[in-house]
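Asks: Have a look at the structure that comes next, please.
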Amino acid sequence: MDFTISDLKIIPLKESKFVRPFSISYTQDGKKKRWDCVEAHDSVSCLLYHREFDSFLFVRQFRPSVWYYQEKNQIQTKNGLTYELCAGIMDKGLDTKATMIEEIIEETGYSLSNIERVTSSFTALGFGANSQTLFYGEIDESMKVSSGGGVDDEKIELVFIKQNQILNFIYDESKVKAPNLQFSILWWMMNKKAKFD
């Protein structure tokens, strides 16, 4: 998939339907303090394992914040592309499971109803502290109902990584990924791998 990005500009954030910056002032041990925070939606994510392909399915997309970090820190590869679990924010009024099932169809094109809740954790503790619920699902080609790729103007590429290559992938620092992806693979190895050996 071609990700052609141009005309990138940094602009001040005045309003957003996704995040709200604010500061908290408080007293700790008699000392006045202030901390800058960002309010953001809770979210869901899902590790997907394709039984027929013996592969994990991730999504690859352009993240402007990653591009900004790469540019600011003069990282040689400045493409802003990330490898992620299928995921989405909790902004549709659905529960976590229903939100995740909808996101899987939109992003990957696979339709499944049997997903397993793994755990939830907090993300961005230093400034955000929103919660993300992690799920696990198994897919095969009989569940494929569309090409996926997201909705509206989203541009999401599907990436399959073979089970026997997954450790190399999660330790490959040239491929930008979040800790929840790495954690989900560790969980899978401890809880599901024996089923597929």
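Asks: May I ask you to say which residue of I101, I89, I105 is in contact with a His (Cβ under 8 Å, 6 or more places away or on another chain) and surrounded by 13 or more Cβ atoms within 10 Å (Cβ to Cβ)?
Replies: I89 is the lone residue from the list that is in contact with a His (Cβ under 8 Å, 6 or more places away or on another chain) and surrounded by 13 or more Cβ atoms within 10 Å (Cβ to Cβ).
Asks: Between a residue in segment 126-137 that is under 20 Å from L186 (Cβ atoms) and any residue that is of a type in the set (A, V, I, L, M) and not in a strand (DSSP E or B), which pairs come within a Cβ distance under 6 Å, given they are 6 or more apart or on different chains?
Replies: Short answer, once both residue conditions are applied: F135/M100; G137/L112.
Asks: If I filter segment 148-179 down to residues being of a type in the set (D, E) and open to solvent by less than 50 Å² (accessible area, probe 1.4 Å), which single residue comes out as nearest to the chain's Cα centre (by Cα)?
Replies: The qualifying residue nearest to the chain's Cα centre (by Cα) is E157.
Asks: If you don't mind, another one. Please find, among E106, E71, the residue that is of a type in the set (D, E), within 23 Å of V159 (Cα to Cα) and out of contact with any Ser or Thr (no Cβ under 6 Å at 6 or more places or on another chain).
Replies: E106
Asks: Right, here's the next one. If I ask for residues that are touching a helix residue (DSSP H, G or I) at 6+ places or on another chain (Cβ under 9 Å) and in a helix (DSSP H, G or I), which ones from segment 148-183 would you list?
Replies: Once the filter is applied, which keeps residues that are touching a helix residue (DSSP H, G or I) at 6+ places or on another chain (Cβ under 9 Å) and in a helix (DSSP H, G or I), segment 148-183 yields Q163, I166, L167, F169, I170, Y171, L181, Q182.
Asks: Give segment 113-154 a look and list any residue that's touching a Phe, Trp or Tyr at 6+ places or on another chain (Cβ under 8 Å), among the small types (G, A, S) and over 16 Å from P179 (Cα atoms), or say none.
Replies: G137, G148
Asks: Kindly list the number of the only condition in (1) under 14 Å from Q132 (Cα atoms); (2) among the basic types (K, R); (3) assigned to a loop (DSSP other than H, G, I, E, B) that fails for K97.
Replies: Answer for K97: the failing condition is (3).
Asks: Which members of segment 149-165 meet the condition of being farther than 12 Å from H50 by Cβ and either among the charged types (D, E, K, R) or modelled with pLDDT of 90 or more (or both)?
Replies: Answer for segment 149-165, where residues must be farther than 12 Å from H50 by Cβ and either among the charged types (D, E, K, R) or modelled with pLDDT of 90 or more (or both): D152, D153, E154, K155, I156, E157, N164, Q165.
Asks: Consider only pairs whose beta carbons are under 9 Å apart and that are at least six residues apart or on different chains; among these, list those whose first residue lies in segment 184-197 and is part of a helix (DSSP H, G or I) and whose second residue is open to solvent by 90 Å² or more (accessible area, probe 1.4 Å).
Replies: F196/R51
Asks: Looking for something within 29 Å of V38 (Cα to Cα) and β-branched (V, I, T) - is there at least one such residue anywhere in segment 135-146?
Replies: No, there is no match, as no residue in segment 135-146 is within 29 Å of V38 (Cα to Cα) and β-branched (V, I, T).
Asks: Of everything in segment 133-147, what is open to solvent by less than 30 Å² (accessible area, probe 1.4 Å) and either touching a helix residue (DSSP H, G or I) at 6+ places or on another chain (Cβ under 9 Å) or at pLDDT below 95 (or both)? Give them in sequence order.
Replies: Those that are open to solvent by less than 30 Å² (accessible area, probe 1.4 Å) and either touching a helix residue (DSSP H, G or I) at 6+ places or on another chain (Cβ under 9 Å) or at pLDDT below 95 (or both): T133, L134, F135, Y136, G137, I139.
Asks: Next question, about the same structure. Conditions: (1) open to solvent by 80 Å² or more (accessible area, probe 1.4 Å); (2) in a strand (DSSP E or B). S121 meets all but one. Number of the miss?
Replies: The single condition S121 does not satisfy is (1).
The values are calculated or read from the model by the stated rules, or taken from the named source; none is laboratory data. All of these numbers come straight from a predicted model, not from anything done at the bench. Positions of Cβ are generated from backbone atoms using ideal geometry, with glycine treated the same way; all protein chains shown enter the neighbour counts. Just the protein is used for accessible areas: all its heavy atoms, side chains included, with ligands, DNA and RNA removed. Shrake-Rupley method; radii C 1.70, N 1.55, O 1.52, S 1.80 Å.
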